[in-house]
Amino acid sequence: MQFNIINIPKLESTNSYAQQLIESDDLHEGDVISTQYQENGRGQGENFWESEPGSNLLVSLILEPKMIPASQQFVLTQLVSLALVDLIKEFVLTDEVQIKWPNDIYVNNKKIAGILFQNFIKGNEIEFSIAGIGLNVNQKKFYSGALNPVSIIHYTNETIDLNILLDKLLDKIGVNYETYRIKENFQELNSKYILNLFRYKEWANYSNGNNFFKGKIIDIDEFGRLKVKLKSGNENKFGFKEIEFVD
Ligand code: BTN
C-alpha cells in the first residue's frame, strides 16, 4: 500500500480536516493527514485529546476498505490496534503493551495511544474510513486530567523522531491491511487481537449503566462485541458503550 503523507503544522483536528476533504472528494486510500498540534483534538465521545505541540504522533489515515463488509468493520480496529501494539513493543521492552477493548493501547494500567475511527457506510459497504491515531511519544507531563496517560519517552528516556515513527507505523498498518482485509484471515486476526487483550481471562470490575459486576473477558465475536463471563456462570455480550471498565 502506498502512503501519501500530507503534513499541516496546526489543525483543529486531523479527523475533522480529513472528514471535510473526504466530503469534497479530495482524499483517497493511503492519504495520511499529519499535524504537530491540534487545537481541538478529538477523543472518544465528547473527550478532548491532549497533546503538546510537536511532541506526539497525531495522524488520520484514510482507507477505502470496500472489501470489508460494514457489519465486520471491527476488523479495521483490530488491524490498526495490533500495528500500534507491535510498534510500541519495539520501544517499551519491559512492560506489557496491551489493547484495552475496543481500541485503547495500554502499558500496564496506563494509556499510551487512542484511536478514533469514523467509518462512512453505504449499504453494507465501508466507502471511507478515517483512522485517527494519537500516540503519546515525547510528552512528559499531561495537564488535562486524562486518566493515567503515559508516553514512549517514559520508557526510553530519549526523544524519538516522529517522522521515523510514523513511517514504521504506516508500514505495519500496511502489512496488516494487506493480510487481514481478506475474509479468510479475519479469524486469525481476531485470535491475535484476543491474545493482546488487556484483562483477557482475568476477573475484574465492570459496569453497564448503574449496574456494577465482576466479569471475565472470554472472547470477541465477529462484530467486535465483548463476550464476558459473569460470576453466576452466565455469559453476556456487550457492544461498544454498553460496558465500562471500572478500575
Ligand atoms: C481516544 O479517545 O482514545 C481516541 C483518541 C484519538 C486521538 C487522535 S489524535 C489524531 C486524530 N485526530 C483527532 O482529533 N483525534 C484523533
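The values are calculated or read from the model by the stated rules, or taken from the named source; none is laboratory data. Since this is a predicted model, take the numbers as computed values, not measurements. A quick note on method: Cβ atoms are made from the backbone with ideal geometry, for glycine too, and the neighbour counts reach across all protein chains shown. Quick note on the areas: whole protein, heavy atoms, side chains included, nothing else; ligands and nucleic acids left out. Shrake-Rupley method; radii C 1.70, N 1.55, O 1.52, S 1.80 Å.
As a size descriptor, the averaged projected area of the C-alpha convex hull of region 146-244 was calculated at 8.9 nm². Rolling a 1.4 Å probe over the protein chains gives His154 an accessible area of about 80 Å². Heavy-atom accessible area for Glu235, with the other protein chains in place and a 1.4 Å probe, reaches approximately 90 Å².
Could you grab the relative contact order for region 40-138? Cα pairs under 8 Å, six or more apart, rounded to a whole percent. Intermediate results must be reported in sequence, preceding the final value.
Numbers: 158 pairs, mean separation 37.0, N = 99.
Once divided by the residue count of region 40-138, the mean separation gives 37 percent.
Computed over the alpha-carbon atoms, region 23-109 gives an Rg to Rh ratio of 0.98, Rh here being the Kirkwood radius from the mean inverse distance.
Solvent-accessible area per residue in the chain equals 49 Å², computed with a 1.4 angstrom probe and all protein chains kept.
In region 159-247, the DSSP beta bridges split such that about 95 percent are antiparallel, to the nearest 5.
Distance between the C-alpha centres of region 15-88 and region 93-141: 9 Å, rounded to the whole angstrom. Here is the size of the chain from its Cα atoms: Rg then Dmax, 17.7, 53 Å. Looking at the chain, the DSSP beta bridges with both ends there are about 85 percent antiparallel. Give the percent of DSSP beta bridges with both residues in region 1-93 that are antiparallel, rounded to the nearest 5. That works out to approximately 40 percent antiparallel.
How much length, in nm to one decimal, is gained on full extension between Glu127 and Glu52, taken as 0.36 nm per residue of separation minus their Cα-Cα distance?
Working: separation 75, 0.36 × 75 = 27.00 nm, distance 3.27 nm.
Taking 0.36 nm per residue and subtracting the Cα distance, the gain is 23.7 nm.
For a modelled paramagnetic label at Lys183, 7 Å from Cα along Cα-to-Cβ, the residues of region 106-129 in reach, with backbone nitrogen under 15 Å, are 124-126.
Measuring r between the beta carbons of His154 and Phe213 and using R0 = 35 Å, the FRET efficiency lands at 0.60.
All Cα-Cα distances of region 94-163, cut into 10 Å bins from zero to the largest, leave 18, 41, 26, 12, 3 percent in each bin in turn.
Ranking Tyr106, Tyr37 from most to least accessible surface, computed with a 1.4 Å probe over the protein chains only, gives Tyr37, Tyr106. Sorting Ser81, Ser16 on solvent-accessible area from highest to lowest, probe radius 1.4 Å, gives Ser16, Ser81.
Semi-axes of the equivalent ellipsoid for region 66-105, computed as √(5λ) from the eigenvalues of its C-alpha gyration tensor and ordered from largest down, come to 25, 10, 4 Å.
Accessible area of the chain with a 1.4 Å probe: how many percent of it is carbon plus sulfur? If you can, show how the numbers build up before the last one.
Details: 5470 of 12150 Å².
With neighbouring chains kept in place, the figure for the chain is 45 percent.
Its alpha carbons considered, region 17-64 gives a radius of gyration followed by a Dmax of 11.8, 31 Å.
Annotation: Trp49 carries an accessible surface of approximately 50 Å², with a 1.4 Å probe and no ligand, DNA or RNA atoms counted.
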